[in-house]
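Accompanying notes for the structure given below.
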Amino acid sequence: MIVSASYKTDIPALYGRWLLNRLDAGYCKVINPYGRQIVTVPLTRASVDGFVFWTRNAGPFMDALAEVRARGFPFVAHYTITGYPRALEAAVIERERAVRNLREIAEAYGPEAAVWRYDPVVFSSLTPPDWHLRNFAELARALEGATDEVVISFLQVYAKTRRGLDAAARAFDFSWQDPDPESRREMAAKLAGIAARSGMRLTVCSQPEFAAPPAGEARCIDAARLSRIAGRPIAAKLKGNRPGCACFESRDIGDYDSCPQGCVYCYAVRSRALARARLAAHDPAGEFLIPPAARESGAAERRAR
């Protein structure tokens, strides 16, 4: 089993002590966000083939990464670095520090252990196409030699992302756009060319229609990459978690509405206030990332509004 930790929240930045405690315990508990079933996920060395970590700030997790490796678990760290204005990302670390973190991971564990994510690509009056080309090129040069892959996706406009972007646009006086497919394909091709000049392959996450060469299709949960890192075969079947996803099967141990880093386009957070409350309710010694009582109080609060 490959464990994803987590595309629903930033476990490395915020919940690293909990993860190490759960490795000590040999399991964690996860609540299905749709059916509400409680699932026990084994976290023993015999059960887990490897981890895929997702983060915007690996700094607090560096010692934990060393512990994960010392316990014999191979891992890949997907590190999102976009360098967007604060109107779009209120509380993520500055991009220079994130670049240093990713380079530290690559130096300690090899460049295959680190994947850069420029994700999602948001078109706005603050971040128009030419801005993305310049910004992406600067980041690619800064990360050259530290990774062989950069993953992008284009903003998917769900109800929660629309609310977040509209609120930020009113507060900070900007506009945002949902561009046509051809504009996205053109941007993906241009970014892929820039990435190639810095020795990286650009792949597109869960949007195969924009992955025309020289871009490729992303496999964020990648058993082949983990196998190379582990030095042994890791067997997993291809089983994406949504339409267009080309990932191998994994078990995610995160929880929605638990990351208060303030990315207004985030599909995993409905309310930054709710995310802060859930983080405050988090128990590093608990079986759940977010205890059921905190989940239910948040649901009741939303129903009362």
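The values are calculated or read from the model by the stated rules, or taken from the named source; none is laboratory data. Model, not experiment: these values are computed from the prediction. Ideal geometry is used to build each Cβ from the backbone, glycine not excepted, and the neighbour counts take in all protein chains shown.
Values as computed for the structure displayed
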read-out	value
Residue 140 vs. criteria crowded, with 22+ Cβ neighbours inside 10 Å, of a type in the set (A, V, I, L, M, F, W, C), out of contact with any Pro (no Cβ under 8 Å at 6 or more places or on another chain) and part of a helix (DSSP H, G or I)	yes
When residues of segment 112-132 are limited to those that are over 20 Å from the mean Cα position of the chain (by Cα) and farther than 18 Å from residue 96 by Cα, the one surrounded by the fewest Cβ atoms within 10 Å (Cβ to Cβ)	130
Matching option when the condition is at pLDDT 95 or above, assigned to a helix (DSSP H, G or I) and touching a helix residue (DSSP H, G or I) at 6+ places or on another chain (Cβ under 8 Å), among 68, 76	68
Single residue of 252, 257 found to be under 15 Å from the mean Cα position of the chain (by Cα), closer than 30 Å to residue 140 by Cα and among the acidic types (Asp, Glu)	252
Conditions (1) in a loop (DSSP other than H, G, I, E, B); (2) more than 15 Å from residue 83 (Cβ to Cβ); (3) of a type in the set (Val, Ile, Thr); number of the one not met by residue 151	(1)
Inter-residue pairs, beta-carbon under 8 Å, first closer than 20 Å to residue 69 by Cβ and in segment 21-35, second assigned to a helix (DSSP H, G or I), 6+ apart	23/67; 23/68; 28/22
Candidate set from segment 8-28 (those that are among the small types (Gly, Ala, Ser) and in contact with a strand residue (DSSP E or B) (Cβ under 9 Å, 6 or more places away or on another chain)); member that is surrounded by the fewest Cβ atoms within 10 Å (Cβ to Cβ)	26
When residues of segment 67-111 are limited to those that are within 11 Å of residue 146 (Cβ to Cβ) and among the acidic types (Asp, Glu), the one surrounded by the fewest Cβ atoms within 10 Å (Cβ to Cβ)	107
Residues of segment 39-52 classified as in contact with a Lys or Arg (Cβ under 6 Å, 6 or more places away or on another chain) and either among the hydrophobic types (A, V, I, L, M, F, W, C) or surrounded by fewer than 10 Cβ atoms within 10 Å (Cβ to Cβ) (or both), total	2
Hey, residue 157 in contact with a Phe, Trp or Tyr (Cβ under 6 Å, 6 or more places away or on another chain), without any contact (Cβ under 8 Å) to a residue 60 or more places away in the chain and not in a helix (DSSP H, G or I) or not	no
Complete set of residues in segment 39-66 that are over 30 Å from residue 94 (Cβ atoms), in contact (Cβ under 8 Å) with a residue 24 or more places away in the chain and not small (Gly, Ala, Ser)	41, 42, 43, 45, 48, 49
Candidates 293, 285, filtered to the one that is in a helix (DSSP H, G or I), farther than 30 Å from residue 147 by Cα and hydrophobic (A, V, I, L, M, F, W, C)	293
Of residues in segment 248-294 being charged (D, E, K, R) and closer than 29 Å to residue 224 by Cβ, the one surrounded by the most Cβ atoms within 10 Å (Cβ to Cβ)	255
For residue 187: the one exception among (1) without any contact (Cβ under 8 Å) to a residue 40 or more places away in the chain; (2) under 23 Å from residue 213 (Cβ atoms); (3) more than 20 Å from the chain's Cα centre (by Cα)	(1)
Contacts under 6 angstrom Cβ, first residue in segment 215-241 being among the acidic types (Asp, Glu), partner surrounded by 18 or more Cβ atoms within 10 Å (Cβ to Cβ), 6 or more apart	217/211; 217/246
Restricting segment 168-189 to residues that are in contact with a strand residue (DSSP E or B) (Cβ under 8 Å, 6 or more places away or on another chain) and of a type in the set (Phe, Trp, Tyr), the residue that is nearest to residue 137 (Cα to Cα)	176
